[in-house]
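Presented below is the structure to which this report refers.
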Amino acid sequence: MDRNTSVGAGERLLEELVRAAQLASPAELPVVANRFAEAMGVSRAVVYLVDIQQRLLLPLVEGEPEFELDASLAGWAYRTGSLRAEEDHADGLNVWMPLADGAERLGVLELNMDTLDGLKLRRCRTMALILALIITSKRTYSDTIAQRMRTRPMELPTEMVRAFLPPRSIGTGRVVSTAVLEPAYELGGDAFDHSFTEDVLHATILDGMGHNLASGLATSVAMAGCRNARRSGADLGPLAGTVDQALARWLPEQFCTGIFTQLHMRTGVLRWCNCGHPPPLLIRRHRLLHKALERQPEPPLGLPASLAGTTRQVHDVSLEPGDRILLYSDGVVESRNEEGEEFGLERFTDYIIRSTAAGQSAPEVLRLLIHAVLEHQHNELSDDATILMFEWQPPDPRPGTGQSTV
């Protein structure tokens, strides 16, 4: 590669990086990254991916050390989404850069160099952005990346449910949605979904009956029914009806609870349909608005028509800029320690409020929270624990308009 440091040479280097990375297998990606790094005066580049429990940073290639997320400079770069540099008397300057595809945090990029100036910094940032996009595209079909992100074997029902899951975090300039779920390797019937259509965020949480392959099947059918209806343009009521019919037809012995939501990102109008699930929670200005989104309960999904009753009810409220909506499964608040003490709703919401007030990002808040839930039960959950949180933060902070207001 041309070692000229001119702007024109830098553009050619970036073009070569993109072309080579697109054609590279996941195993070849570190070689491509190192070739580009050397051409711009960086002696070494190492890609680290976060494990599925977000506790470790694991190297994409074997032979490199792993790092604890909460006890390393590499972890600091991941947690804060910021560059971190340190001087190393042996290797010169060691730089850690976050790897992220929008709101989705993937890992970090380690770079070793003698010096760092403004031009080199811009190129390093661009390299990290390109690698994040390439990793995102390749992980949809790469078992190598999936293997690198795991620390132990995964049970079959979990493998099935995880195949349906979207990225942990998605976002735009108006909203961020993020989710976590445990136990990461032994899931039963919990799942989440979030996606965008034009100006609408769709967010869903599901909790299948039981903790076996059948419950995972029920959740997978419910997820497929939800997406099929959504992509056909169905409103929330008919969408829930589609899931009801799918479960009743294909898995008549199974049912699940769930919440389907739609947030209009331009106006802040939130609409939701609750099917036998714990009600959504609303946090506003670092306070939980108690029972703000609690409505008349509805039966779970998949019950026969004779038991399910009439058409599903859809509710709506107008949010204020900065509002955070929480969807969660009962395994979160009902997890008990060895003394029988529940984690509880108060501790759950207080943890989010305090972490948010401390300036933590939404994905980092949930990462810390799910670890607290696990530690409360000594990493041995008796039920799935799933949390999905989204925050509405429009560029122009004016309250939306809608049919009802919290």
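For segment 74-110, give me the residue count where each residue is in a loop (DSSP other than H, G, I, E, B) and either of a type in the set (A, V, I, L, M) or over 24 Å from the mean Cα position of the chain (by Cα) (or both).
The initial filter retains those residues of segment 74-110 that are in a loop (DSSP other than H, G, I, E, B), namely 81-83, 89-91, 102-103.
Now narrow it down to the ones that are either of a type in the set (A, V, I, L, M) or over 24 Å from the mean Cα position of the chain (by Cα) (or both): 83, 89-91, 103.
The number of residues fulfilling the criteria is 5.
Taking Ala71 as meeting all but one of (1) open to solvent by less than 50 Å² (accessible area, probe 1.4 Å); (2) not in a helix (DSSP H, G or I), write down the number of the exception.
(1)
Name the pairs whose Cβ atoms lie under 8 Å apart, with the first residue in segment 242-262 and without any contact (Cβ under 8 Å) to a residue 60 or more places away in the chain, the second open to solvent by 40 Å² or more (accessible area, probe 1.4 Å) and in a loop (DSSP other than H, G, I, E, B), and 6 or more positions between them or separate chains?
Once the first residue is without any contact (Cβ under 8 Å) to a residue 60 or more places away in the chain and sits in segment 242-262, its partners that are open to solvent by 40 Å² or more (accessible area, probe 1.4 Å) and in a loop (DSSP other than H, G, I, E, B) give Leu247/Phe255; Ala248/Leu303; Ala248/Pro304; Pro252/Pro304; Gln254/Met209; Gln254/Gly210; Phe255/Met209; Phe255/Leu303.
Looking at segment 206-215, is at least one residue open to solvent by less than 20 Å² (accessible area, probe 1.4 Å) and farther than 17 Å from Pro278 by Cα?
Scanning segment 206-215 turns up at least one residue that is open to solvent by less than 20 Å² (accessible area, probe 1.4 Å) and farther than 17 Å from Pro278 by Cα.
Would segment 247-256 turn up any residue that is touching a Pro at 6+ places or on another chain (Cβ under 6 Å) and in a loop (DSSP other than H, G, I, E, B)?
yes
Any idea how many residues of segment 77-136 are among the β-branched types (Val, Ile, Thr) and open to solvent by 40 Å² or more (accessible area, probe 1.4 Å)? If you could, list the steps in order and put the result at the bottom.
Here is the first cut: in segment 77-136, the residues among the β-branched types (Val, Ile, Thr) are 80, 95, 108, 115, 126, 130, 134-136.
Subset that is open to solvent by 40 Å² or more (accessible area, probe 1.4 Å): 80, 115, 126.
The total comes to 3.
Would it be correct to say that Asp190 is open to solvent by 20 Å² or more (accessible area, probe 1.4 Å), touching a residue at least 40 places away in the same chain (Cβ under 8 Å) and under 29 Å from Gly102 (Cα atoms)?
Working: open to solvent by 20 Å² or more (accessible area, probe 1.4 Å): no; touching a residue at least 40 places away in the same chain (Cβ under 8 Å): yes; under 29 Å from Gly102 (Cα atoms): yes.
Criteria not met by Asp190.
Against the condition open to solvent by 30 Å² or more (accessible area, probe 1.4 Å), part of a loop (DSSP other than H, G, I, E, B) and more than 30 Å from Ala248 (Cα to Cα), how does Glu346 come out, does it pass? Working first, answer last.
Numbers: open to solvent by 30 Å² or more (accessible area, probe 1.4 Å): yes; part of a loop (DSSP other than H, G, I, E, B): no; more than 30 Å from Ala248 (Cα to Cα): yes.
No.
Is there any pair linking a residue in segment 276-292 that is without any contact (Cβ under 8 Å) to a residue 60 or more places away in the chain and assigned to a loop (DSSP other than H, G, I, E, B) to one that is open to solvent by less than 30 Å² (accessible area, probe 1.4 Å) and among the aromatic types (Phe, Trp, Tyr), with Cβ under 8 Å and at least six apart or on different chains, and which?
Hits for this filter: Pro278/Tyr328; Pro280/Trp272.
Across segment 162-185, which residue is most open to solvent (accessible area, probe 1.4 Å) among those that are within 21 Å of Val373 (Cα to Cα) and outside any loop (DSSP other than H, G, I, E, B)?
Arg162
The values are calculated or read from the model by the stated rules, or taken from the named source; none is laboratory data. Values in this document were obtained by computation on a predicted structure and should not be read as measured data. Because the Cβ atoms are built from the backbone with ideal geometry, glycine has one as well, and the counts that use them run over all protein chains shown. When the accessible area is computed, the model is the full protein with side chains, heavy atoms only, and any ligands, DNA or RNA have been set aside. Shrake-Rupley method; radii C 1.70, N 1.55, O 1.52, S 1.80 Å.
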